[in-house]
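Contents: one structure, followed by commentary.
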Amino acid sequence: MFKQLSLRRRESLWGYVFISPWIIGFIVFTAGPMLASMILSLTHYNIAEPPTFVGLTNYVKLFTQDQKFWHALRVTMTFAFVAIPLNLAFGFIVAYLLNMKVPGVAFWRTIYYLPSVMPGVATALLWGLLFNPRVGVLNWILSLVGIKGPGWLASPQWALPALILMSLWGVGGGMIIYLAGLQGIPTSLYEAAQIDGANRLQQLLKITLPLMSPVIFYNLVTGIIGTFQYFTDAYVLTGGGPVDATLFYNLYLYKQAFTYRNMGYASALAWVLFLIVLAFTLLVFRSSDLWVYYEGEMRS
Amino acid sequence: MTMSVTTPKSSGRINPRHIRIVLSYLALTFLAIFSIFPFLWMLNTTFQSQGAVFSLPPKLGDMIFKPGMFDAYKEVLTKYNFMRYTLNSLFVAGMAAIGQLITASLAGFAFAKMEFKGKNLLFGILLSTSMIPVSVTIIPEFLLMSKLNWLDTYLPLIVPSFLVGTFGTFMMREFFSTIPNELVEAAMLDGATTFRIYRTIFLPLSVPAMTTLFLIAFIHNWNDLLRPVLYISSSSLRTVTVGLTSFQGEYGARWNLLLAGATISILPLLIIYIFAQRYIVEGIATTGLK
């Protein structure tokens with residue numbers, strides 16, 4: 001009897017043993033820090049002196065007095081509302097083209113995905129040089145067609161658009177996931193549609209897009225989370241400038257925490273960031289009932 | 001989309017299908033140029049002498065096939081320590097990726113093949129942690145690392161990777177789930193312990209999945225900037241991303257050197273990508289990790 005009981009128990013115990021490294025990691029590097037940052041956000045803390053409890057002061061200051069907070073939020077939102085849809089659309093178009101059974105899919109796929117694998121620092125530097133207003137290749141190309149290129153990263157008006165353009169270089173990341181989704185759509189659906197006389201546009205709108213909506217949805221959610229974590233390009237290229245034109249939320253948070261050492265205030269920024277991301281994600285999840293199609297729903 | 005049903009119209013007129021193919025090739029080629037051109041320009045610039053780096057229109061590197069062709073590389077590797085940075089990055093990214101493998105394959109196996117109380121809840125927690133921005137946890141993490149006296153060591157770059165690994169765990173769970181349960185049951189009837197089953201049956205089967213995970217984790221850690229910038233202050237401990245950032249700060253106008261450094265930071269990943277791109281692309285496509 002002892003033996004029989006122990007079989008289940010033993011497996012249970014082994015289960016906990018197997019996941020224990022992850023559990024420890026979760027407590028020490030995720031759950032613990034989240035709790036700690038919530039507590040820190042209620043304090044003044046500059047590392048040199050012990051933290052002092054200040055209640056909600058940081059949050060009040062953030063929402064009512066901190067112009068830079070609102071500015072950073074605006075920069076990040078602008079980027080999100082322009083770059084995310086562009087990336088979603090371009091990634092989808094590239095994947096759609098690749099899925100047209102063109103010969104050498106693997107070859108094209110390799111090329112398009114290449115920029116996404118490369119270190120963000122190296123690609124940022126590279127684009128920084130291409131964007132150089134005086135001796136950069138981009139403005140030289142523009143000058144060939146008679147356009148005087150803008151100052152790009154050196155110009156308060158053009159720095160953010162330049163970063164958005166750069167982000168398009170990474171469409172390969174979303175494209176790969178779309179392509180996997182497209183390849184999973186049964187060809188029988190298209191064959192049936194063609195027999196019924198549906199043209200390509202109708203097939204795209206009635207078959208491809210609905211079946212791809214969960215993938216689009218996934219890319220949208222990860223896009224939102226990614227945008228709020230946007231750091232490398234701005235840190236390397238602009239440091240938030242010129243005149244704060246590219247002061248992304250995450251960069252502002254980084255500066256508050258590690259340049260000015262306002263750990264309490266930066267923690268409040270971090271929690272507000274978390275709540276914003278959470279709110280957006282929930283909003284997208286809620287709205288997904290309206291536009292995301294899951295195969296299981298067909299029956300009901 | 002599939003062409004299998006469209007019967008080509010037999011008349012000699014221009015076939016719309018051909019137009020479509022030509023157009024999509026044009027679009028694909030244009031996009032390929034957009035993807036590749038910056039790399040080619042970068043490579044070419046590393047073969048320019050300092051006097052020629054700013055030349056417009058861009059021309060072929062004036063040092064190509066000349067005795068000093070690789071001078072820019074030599075200079076950054078030796079004089080500006082990129083050899084050291086590259087080795088540092090290899091070590092850090094390699095260790096962090098190995099750590100991921102251990103944690104993720106153990107936890108992935110447990111989530112896929114074992115029964116224990118709270119499994120589903122824990123798995124839900126695991127998935128939701130991928131939604132938490134690093135910025136929310138990085139400040140306490142930094143304070144913890146400084147309390148532990150780990151600043152300016154590689155521990156903060158390696159230990160969190162050892163223990164977290166949300167995507168890795170998810171990926172390994174997906175993989176282990178595809179292995180039939182009968183294998184486990186048969187082995188259990190033979191009296192094998194759980195760990196033995198994991199080690200002798202599942203680990204050998206998961207070599208391709210583990211390779212994929214190792215490469216993805218390696219690339220991810222190689223490319224990281226935030227943590228190395230925060231934790232590393234000695235120049236001899238810099239990873240290649242930090243080395244590159246600070247080189248830009250000091251010698252930003254020396255484009256040939258800067259881009260030689262960038263090329264060096266890209267090279268290991270390019271090699272991995274060329275030889276293992278199928279693993280990487282499939283791993284990313286199936287788990288959704290970008």
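Each principal axis of region A:4-92 carries a Cα extent, and these read 66, 51, 21 Å when sorted largest first.
Scaled against the 2.2 N^0.38 Å expected of a compact globular protein of N residues, the Cα radius of gyration of chain B reads 1.30. Phi angles across region A:36-50 convert, under the Karplus curve 6.51 cos²θ - 1.76 cosθ + 1.60 with θ = phi - 60°, into 3J(HN,Hα) values of 4, 6, 5, 5, 4, 5, 9, 10, 9, 8, 10, 6, 4, 10, x Hz, Gly and Pro given as x.
Applying 0.36 nm per residue to the separation of residue A:205 and residue A:38 and subtracting their alpha-carbon distance, the gain on full extension is 55.6 nm.
With a 10 Å cut-off around each Cβ of A:126-135, the average count of Cβ atoms from other chains is 4. The 3J(HN,Hα) values that the Karplus relation (6.51, -1.76, 1.60; θ = phi - 60°) gives for region B:50-67 are, in residue order, 3, x, 9, 5, 8, 5, 10, x, x, 10, 4, x, 6, 9, 4, 6, 9, x Hz. Gly and Pro appear as x. Relative to its Kirkwood radius, the Cα radius of gyration of region A:41-128 gives an Rg/Rh of 1.25. How far apart, in nm, are the 7 Å Cα→Cβ label points at residue B:235 and residue A:291? Reported label-point gap for residue B:235 and residue A:291 is 5.1 nm.
Across region A:230-300, the convex hull enclosing all Cα atoms gives 127 Å³ per residue. Across all Cα atoms of region B:1-154, the radius of gyration (one decimal) and Dmax (whole number) stand at 27.2, 79 Å.
Computed over region B:18-68, the alpha-carbon pair-distance distribution with 10 angstrom bins reads 24, 34, 21, 16, 6, each value a whole percent.
GNM on chain A, alpha-carbon springs under 10 angstrom: the most fluctuating residue among A:66, A:244, A:233 is A:66.
For residue A:43, nonlocal amide neighbours, meaning residues 5 or more places apart or on other chains whose placed amide H falls under 5 Å from its own, are A:54. Comparing Cα centroids, region B:32-82 and region B:133-176 end up 37 angstrom apart. With a 10 Å cut-off around each Cβ of A:9-16, the average count of Cβ atoms from other chains is 6. In percent, rounded to a whole number, the relative contact order of region B:74-287 is 36, using alpha-carbon pairs under 8 Å and six or more apart.
Averaging sequence separations of C-alpha pairs under 8 Å and six or more residues apart, then dividing by the length of chain A, give the relative contact order as a whole percent. For chain A, the relative contact order is 27 percent. Quarter the surface of the alpha carbon convex hull of region B:72-147 and you get the mean projected area, 8.4 square nanometres. Where does the Debye-calculated log10 I(q)/I(0) of region B:136-277 sit at q = 0.13, 0.20, 0.22 Å⁻¹, using only Cα point scatterers of equal weight, no solvent? Per q value, in the given order, log10 I(q)/I(0) is -0.78, -1.19, -1.29. Ordering A:89-98, B:107-116, A:272-281 by mean Cβ neighbour count within 10 Å, with the highest value first, yields B:107-116, A:89-98, A:272-281.
Distance from the Cα centroid of region A:86-112 to that of region B:13-27 is 16 Å (rounded to whole angstrom). Site pair residue B:115 and residue A:100 shows an inter-label distance of 5.3 nm when each label is modelled 7 Å from Cα along Cα→Cβ. Evaluated on chain A, the Kirkwood hydrodynamic radius is 23.0 Å, with distances taken between all distinct Cα atoms. Look at A:37, B:35 and count the other Cβ atoms within 10 Å of each Cβ; fewest to most, that gives B:35, A:37.
For region B:74-287, the dipole from Cβ point charges (+1 on Lys and Arg, -1 on Asp and Glu) about the Cα centre works out to 360 debye, to the nearest 20.
Rounded to the nearest 20, the size of the Cβ-charge dipole of chain A about its Cα centre is 320 debye, with Lys and Arg at +1 and Asp and Glu at -1. Remark: relative contact order (region A:46-178) = 31 percent; criterion is Cα-Cα distance under 8 angstrom and separation of 6 or more residues. Look at the dipole of the protein assembly as shown built from charges on Cβ: of A:53, A:70, B:259, the Cα furthest out on the positive end belongs to B:259. In order along region B:217-230, phi translates into HN-Hα couplings of 5, 4, 4, 4, 6, 4, 7, 4, 10, 3, 5, x, 4, 6 Hz, rounded to whole numbers, per the Karplus curve 6.51 cos²θ - 1.76 cosθ + 1.60 with θ = phi - 60° and x for Gly and Pro. Judged by the mean number of other Cβ atoms found within 10 Å, the most tightly packed of the peptides A:125-136, B:199-210 leads the ranking A:125-136, B:199-210. For the segment B:219-228, counting C-beta atoms of other chains within 10 Å of every residue's C-beta and taking the mean gives 4.
Using 28 Å as the Cα-Cα cut-off, could you pick out the over-long pairs in A:148/B:74; A:255/B:147; A:101/A:206? Correct reply: A:148/B:74.
Going by the alpha-carbon gyration tensor, a ≥ b ≥ c the square roots of its eigenvalues, is the protein assembly as shown rounded (a/c under 1.5) or, if a/c is not under 1.5, prolate (a/b greater than b/c) versus oblate?
rounded
Modelled spin labels at residue B:90 and residue B:200, positioned 7 Å past Cα toward Cβ, are 3.7 nm from each other. Charged side chains reduced to their Cβ positions (Lys and Arg at +1, Asp and Glu at -1) give the protein assembly as shown a dipole of some 440 debye around its Cα centre.
The numbers here are math on the coordinates, done by the rules we state, and not lab data. Being a predicted model, the structure only gives us computed values, none of them experimental. Quick reminder, even Gly has a Cβ in these numbers, built from the backbone with ideal geometry, and neighbours come from all protein chains shown.
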